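Notes for the one structure printed next.
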Amino acid sequence: MRKIFMMTLGLYCAVALMGCKADATNTSESKTAIESQTSVSETTDANLAQSSEDAPIVGGWSISEKLSPSDNSDAMRAFDMAVKNLEGYSYEVVAVLGSQTVAGTNYSYLCKGIAVTPDAKAEYAVVNVYEDLSGNAKITGSLELLEGKDGWEYNEGSAKLEDNADAKKAFDKSLEALAGANYEPIAYIGKKDNSYAILAKISTEGSDSQTTISMVYVTSTDSGAMIDDIKDVDIAM
């Protein structure tokens, strides 16, 4: 009996010892797995942080405070780069309308364009250019301002409103009864009978003030002038 008892006790100790080893192994594996997951998590967090630091700041479009090409040398450098190999069509930048910071910069321009062909007539368009971080630039889109407007003709002369007496008189007269916004004329775009299309920068007043680039359509009348319509121009295209 004593012999059988000792054999049973030995067998029990062996089983218990194997269980302890298994628990130790499982604990070690669990600890290793947790350490591995923690390491991966820390590495991922570090990579995300690094990626966040390296990523370009992306924002919305901002309308230029100063519209003159002479006040926007960076924008004009990008434009000249974008059109240097353009053939069959020429652009004159009338105003730099706005910009957007991306991985590089997007610029928006008001341009007077004309095809390099006999008897070609001028057109006005919003033209967008993208300049990458290396200084390479290309045209990314354009929008003709009077496209689809039956009977309207583009202004062939100076784009400055002060150089177009009838259009300026009608524009100024139409604003006399308006309040709560500032209308800064950018360019005289075109005409239809006694109506004039003028691109303007409009800034509203008050706590919810905002600024837009808009086409203002004005009609001259016997008693003065009135605004027929105002259409915002999406320079983001």
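If amide H atoms are built 1.01 Å from N in the plane of the peptide, which residues on other chains or at least 5 residues away come under 5 Å of the amide H of GLY141?
Counting only residues 5 or more places away or on other chains, the set is ASN128.
Quick one: which residues, 5+ away or cross-chain, put their amide H under 5 Å from the amide H of VAL233? H built at 1.01 Å from N.
ILE213, SER214, MET215
Under the classification rounded if a/c is under 1.5, otherwise prolate if a/b is larger than b/c and oblate if not, where does region 111-237 fall, given a ≥ b ≥ c as square roots of the Cα gyration tensor eigenvalues? Before the final figure, lay out each step's value.
Numbers: a/c = 2.40, a/b = 1.25, b/c = 1.93.
Oblate is the answer for region 111-237, as a/c is 1.5 or above yet b/c matches or exceeds a/b.
Under the Karplus relation 6.51 cos²θ - 1.76 cosθ + 1.60, θ = phi - 60°, what is the ordered set of whole-Hz ³J(HN,Hα) values for region 129-138, x standing for Gly and Pro?
10, 10, 10, 7, 5, 9, x, 7, 9, 8
Please give every one of the lysines within straight-line cross-link reach of LYS84, meaning a C-alpha to C-alpha distance under 19 Å, and leave out same-chain neighbours fewer than 8 residues apart.
Counting by Cα, and skipping residues close in sequence, LYS84 has these lysines nearby: LYS112, LYS138.
What is the local net charge at ALA125, summed over the other residues whose Cβ is closer than 14 Å to its Cβ (Lys, Arg +1; Asp, Glu -1)? Write out the running numbers ahead of the final one.
Details: positive: LYS112, LYS121, LYS149; negative: GLU92, GLU123, GLU144, GLU147, ASP234.
Overall, the nearby charge balance is -2.
Rounded to whole Hz and in sequence order, give me ³J(HN,Hα) for region 160-168 from the Karplus expression 6.51 cos²θ - 1.76 cosθ + 1.60, θ = phi - 60°, writing x for Gly and Pro.
Per residue, the Karplus-derived 3J(HN,Hα) values read 5, 4, 5, 8, 10, 4, 5, 5, 5 Hz.
Going highest first, how would you order 186-195, 157-166 by mean Cβ packing within 10 Å?
With the highest mean Cβ count within 10 Å placed first, the list reads 186-195, 157-166.
What residues have an amide H closer than 5 Å to that of LEU97, excluding those fewer than 5 places away on the same chain, when H is modeled at 1.01 Å from N in the peptide plane?
SER108, TYR109, LEU110
May I ask you to order 124-131, 109-116, 201-208 by the average number of other C-beta atoms within 10 Å around their residues, highest value first? Please list the in-between numbers first.
Working: 124-131: 21.6, 109-116: 18.8, 201-208: 11.4.
So the order, starting with the most tightly packed, is 124-131, 109-116, 201-208.
Stokes-Einstein D for region 98-155 at 10 °C, 1.306 mPa s, Kirkwood Rh over Cα pairs, in µm²/s?
Values: Rh = 13.0 Å.
Using the Kirkwood radius from Cα pairs, D works out to 122 µm²/s.
Using each residue's phi in region 198-209, evaluate 6.51 cos²θ - 1.76 cosθ + 1.60 at θ = phi - 60° and report the 3J(HN,Hα) Karplus result to the nearest Hz, with x for Gly and Pro.
10, 7, 9, 9, 10, 10, 7, 9, x, 5, 9, 4
Using only the Cα atoms of region 73-173, build the gyration tensor, take square roots of its eigenvalues as a ≥ b ≥ c, and label the shape rounded, prolate or oblate: rounded if a/c is under 1.5, else prolate if a/b is larger than b/c, else oblate.
prolate
With no solvent and one point on each alpha carbon, what is the Debye value of log10 I(q)/I(0) for region 182-237 at q = 0.24, 0.27, 0.28, 0.29 Å⁻¹?
Relative scattering, expressed as log10 I(q)/I(0), comes to -0.97, -1.10, -1.14, -1.17.
Bear in mind these aren't lab numbers, they're just calculated from the coordinates by the rules spelled out. In this text, all values refer to a predicted model and were calculated from it rather than measured experimentally. All Cβ positions, even for glycine, are placed from backbone atoms using ideal geometry, and neighbour counts span all protein chains on display.
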